[in-house]
């Protein structure tokens, strides 16, 4: 049975909705596959993990490759015409204008990190499909409850071919850099 | 696990989207529970079924009522469907001032082809919740009518399945189902 089709929103309609005041500055939303999704408010747990992870990424990836990468925190990346997620953290290619003229796109985004508790399911499935389809090479989902990291790599056919679950004591790698998982979690 | 929450659209926002050109006149859409749903293009069988229904039902309808087709009805802040057929109370202005509200709607008929599932679930819940006394789902493929009555907040309590051998009561008249189906 054919289900009904939702009228999807594209990026320019999404921006127009913000422009005319349908979406307000206080609306914490992102555009995922043509649907406007509410992002949960940031609790202290999320904020704390964000802080911890930022410091860890700064001290490792950005320390080793200062000219190649920069960090975006809770800012949009553009994935095609119908998606503009706002991941917690993205390691992007460094650009001289720091993406002043346009948000990073899929090929600019080298590592996407989401920090999850209530949205874990969605982040492990729908979001993973979205990022794999965009061919983002590295996607990490930090599971706050379990205090583990789900590492997704090898995107192909809208699916990450490799998936690892890492815990305290493990190391997680990014372009040859090994990062202690414990430095990314609060424990 | 809490699923993600969609940002729902209310009627004002829906109208604004049309006003600023995000929704265009050629967009065949309706607002259902805060989501904008595309109505499927109407095939000839669907169109003919609506036409036949209108012709037969109108013959049996008193002057105090009117038949509307594919026109919006106002349910609440998040829903403004456009049912295939709505029987409403007659109003002098033909609802020029405002779309019919649920108090003015007596019967809704949806002609179902590919949307059968949706019409029997989401739409039925919506109309029952709004207290629409009677809701017909006109299944043009199976050639049956599903008569939904006794609306309650959780859905219609009574659903009767009628086929071409049956007759349906329509505002006091009895109509043979056979008359209503095309092809």
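The values are calculated or read from the model by the stated rules, or taken from the named source; none is laboratory data. If you're wondering where the values come from, they're calculated on a predicted model, not measured in any experiment. Because the Cβ atoms are built from the backbone with ideal geometry, glycine has one as well, and the counts that use them run over all protein chains shown.
Can we say residue B:37 is in a strand (DSSP E or B), touching a strand residue (DSSP E or B) at 6+ places or on another chain (Cβ under 8 Å) and either surrounded by fewer than 17 Cβ atoms within 10 Å (Cβ to Cβ) or within 11 Å of chain A (Cβ to nearest Cβ) (or both)? The answer is yes for residue B:37.
Taking the conditions (1) in a loop (DSSP other than H, G, I, E, B); (2) more than 13 Å from residue B:111 (Cβ to Cβ); (3) within 11 Å of chain A (Cβ to nearest Cβ); (4) in contact (Cβ under 8 Å) with a residue 60 or more places away in the chain in turn, residue B:27 satisfies each one other than (4). With respect to residue A:10, is the statement that it is within 14 Å of chain B (Cβ to nearest Cβ), in contact (Cβ under 8 Å) with a residue 60 or more places away in the chain, touching a helix residue (DSSP H, G or I) at 6+ places or on another chain (Cβ under 9 Å) and over 30 Å from residue B:142 (Cα atoms) true? Judged against the criteria, residue A:10 is not a match. Does residue B:96 fit the bill of being free of Cβ contacts under 8 Å to residues at least 24 places away in the same chain and away from every other protein chain (no Cβ under 14 Å)? Considered against the rule, which asks whether it is free of Cβ contacts under 8 Å to residues at least 24 places away in the same chain and away from every other protein chain (no Cβ under 14 Å), residue B:96 comes out as yes.
Going residue by residue through segment A:28-39, is there one that turns out to be away from chain B (no Cβ under 14 Å) and within 15 Å of the chain's Cα centre (by Cα)? Within segment A:28-39, none of the residues are away from chain B (no Cβ under 14 Å) and within 15 Å of the chain's Cα centre (by Cα).
Screening residue A:62 against (1) under 30 Å from residue A:145 (Cβ atoms); (2) within 11 Å of another protein chain (Cβ to nearest Cβ); (3) free of Cβ contacts under 8 Å to residues at least 40 places away in the same chain; (4) not in a loop (DSSP other than H, G, I, E, B) leaves a single unmet condition, (2).
Kindly check whether there is at least one residue in segment B:133-147 that is at pLDDT 90 or above, over 25 Å from residue B:45 (Cβ atoms) and within 13 Å of the chain's Cα centre (by Cα). Yes - at least one qualifying residue is present in segment B:133-147.
Scan segment B:118-133 and give yes if some residue there is crowded, with 16+ Cβ neighbours inside 10 Å and assigned to a strand (DSSP E or B), otherwise no. No, segment B:118-133 contains no residue that is crowded, with 16+ Cβ neighbours inside 10 Å and assigned to a strand (DSSP E or B). Considering segment B:157-183, the residues that are more than 20 Å from the chain's Cα centre (by Cα) and assigned to a strand (DSSP E or B) include one that is surrounded by the fewest Cβ atoms within 10 Å (Cβ to Cβ), namely B:174.
Condition check ((1) crowded, with 21+ Cβ neighbours inside 10 Å; (2) away from every other protein chain (no Cβ under 14 Å); (3) in a strand (DSSP E or B); (4) in contact with a strand residue (DSSP E or B) (Cβ under 7 Å, 6 or more places away or on another chain)) across all residues:
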| residue | (1), (2), (3), (4) |
| --- | --- |
| A:71 | no, yes, yes, yes |
| A:75 | no, yes, no, no |
| A:86 | no, no, no, yes |
| A:98 | no, yes, no, yes |
| A:102 | no, yes, no, no |
| A:121 | no, no, no, no |
| A:127 | yes, no, no, yes |
| A:150 | yes, yes, yes, yes |
| A:153 | no, yes, yes, yes |
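Restricting attention to segment B:40-51 and to residues that are more than 16 Å from the chain's Cα centre (by Cα) and surrounded by 13 or more Cβ atoms within 10 Å (Cβ to Cβ), the residue that is nearest to residue B:6 (Cα to Cα) turns out to be B:45.
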